[in-house]
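Have a look at the structure below before the remarks.
Taken together, the values in this text are just the output of simple stated rules run on the coordinates, not laboratory data. Computed from a predicted structure; not experimentally measured. All Cβ positions, even for glycine, are placed from backbone atoms using ideal geometry, and neighbour counts span all protein chains on display.
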Amino acid sequence: MERSTTIITQNERETRRIANAFAEELAAEKPVCHVVSLEGELGAGKTTFMKGFAEGLHMKETMTSPTFIIFRVFDLARSVFKRLYHVDCYRLESYEDLRALGFEDILNDPKNLVVIEWGNMIREHLPQNTVHIAFDVLAHHARRITITS
Ligand code: ADP
Ligand code: MG
């Protein structure tokens, strides 16, 4: 059964805080999923969410958009997950480009936490239990964030 939660944030800091809490929950003892799809227009807050998410995983690295390199991988030292993959499908021309980089194996390993900006572009290739997070721009600084799992 699908479950949706909607949160409205009024600034970047609030979005990061939501993402931080979400990451802590996801990385708890028994993860409910390991693939997260971030969906929404340019500037909606996907990379901002990723920054807070990384903080929630106690990572030291600062998240930036991997737009031109498709994905980045980070080792996770103190987590039930071994690695974090930060993917950006914005410039992806076809799913085959990701497949050629070994993405199927990456997705199939539950020790990998895979967070995908523009995940809607490869929706049919993502596992059933993927958590979808939609970002809608309501006003200059207001964003509606809908988490569906
Ligand atoms: P995306 O990755 O979806 O293209 P970014 O996270 O890179 O978007 O950019 C979001 C921009 O919107 C940033 O400049 C950020 O400071 C700004 N912003 C304003 N309000 C918010 C908010 N409530 N949540 C997230 N970002 C916000
Ligand atoms: Mg981005």
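Tabulated values for the structure
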{"quantity": "Test: residue in region 19-37 that is more than 22 Å from I145 (Cα to Cα) and within 13 Å of ligand 1 (Cβ to nearest atom)", "calculated": "no"}
{"quantity": "Residue check for S4: in contact with a Ser or Thr (Cβ under 8 Å, 6 or more places away or on another chain), touching a residue at least 24 places away in the same chain (Cβ under 8 Å) and within 16 Å of ligand 2 (Cβ to nearest atom)", "calculated": "no"}
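For (1) within 15 Å of ligand 1 (Cβ to nearest atom); (2) acidic (D, E); (3) free of Cβ contacts under 8 Å to residues at least 24 places away in the same chain; (4) touching a Leu at 6+ places or on another chain (Cβ under 8 Å), each residue gets a yes or a no:
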| residue | (1), (2), (3), (4) |
| --- | --- |
| F71 | yes, no, no, yes |
| L84 | no, no, no, yes |
| V87 | yes, no, no, yes |
| Y95 | no, no, no, no |
| K111 | no, no, no, no |
| N120 | yes, no, no, no |
| V137 | yes, no, no, no |
